[in-house]
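**Q** Structure below; questions to follow.
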Amino acid sequence: MNGPFSWRNWLTWFQDWQYFLQGFGRTLWISFLGLFFTLLIGVAVGLVLCGKSRALKRLCKAYMSFFQNTPLVIQVFIYYNMLPKLGIMMGTVTIGVVSLALYTGAYAADIVASAIRAVPLGQMEAAQSQGFSYMQSMMRVVLPQAVKVGLPPMTNQAVNLIKNSSVMAVVAGGELMYCTDSWSGNNLIYGPAFVMTGILYLIICLPTSMLARHLEKRSLKDA
């Protein structure tokens, strides 16, 4: 068989599969750290959006508006090319984590705020009547109930975050897509490289998507 999917091309790919495995591992690491900080940002901003401070609400909404309405690739270019000129130096992994967390965190904040608002107001009033402060009421009463509402869409955001990590290829991030671009360009073999890369992304994203659908169905049954 000749062409981009010839046996020779497949054999060449399998000889270098460990190179792709390294990129796969870095994608997992960047995605894991990005998701961790996404949750921190989402919860913090979501709590502010449900609070009473108008100034903080406006600040959070400005953050969300910027990051939700500008392409992630532009944000990555800013971190990579402009921040060093301001004396802020970051490695490519750090840039990947920061860019993914800030970008996805803007969407996660909406999810957290909506989930909190879905909890009946009486729950907060009952907690405060027991002597809990606002933050104690949120952490001990409201947020545990909001998790059931927000977990399915948050899981979908995790899938988007993993796929968006491929943007790091434009700044030589060393993740899976960069390894694919680099290897296929050096060897002039594109078919097997991109097919197997797609399969590797599928291995991560498909189970996460299935988990999101399962959680969504279970939340509908519990409603």
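**Q** Does Pro152 qualify as being out of contact with any strand residue (DSSP E or B) (no Cβ under 8 Å at 6 or more places or on another chain), surrounded by fewer than 18 Cβ atoms within 10 Å (Cβ to Cβ) and either assigned to a helix (DSSP H, G or I) or at pLDDT below 85 (or both)? Give the derivation first.
**A** Values: out of contact with any strand residue (DSSP E or B) (no Cβ under 8 Å at 6 or more places or on another chain): yes; surrounded by fewer than 18 Cβ atoms within 10 Å (Cβ to Cβ): no; either assigned to a helix (DSSP H, G or I) or at pLDDT below 85 (or both): yes.
Answer is no for this residue.
**Q** If you check Ala115 against the conditions, is it assigned to a helix (DSSP H, G or I), touching a residue at least 24 places away in the same chain (Cβ under 8 Å) and small (Gly, Ala, Ser)?
**A** yes
**Q** Under 7 Å between Cβ atoms, at least 6 apart or on separate chains: pull out the pairs that start in the stretch 80-105 with a residue that is under 16 Å from Ala172 (Cα atoms) and crowded, with 22+ Cβ neighbours inside 10 Å and end on any residue that is modelled with pLDDT under 90 and hydrophobic (A, V, I, L, M, F, W, C).
**A** Gly96/Met168
The values are calculated or read from the model by the stated rules, or taken from the named source; none is laboratory data. Keep in mind that what you see is a predicted model, and the values were worked out from it rather than measured. A quick note on method: Cβ atoms are made from the backbone with ideal geometry, for glycine too, and the neighbour counts reach across all protein chains shown.
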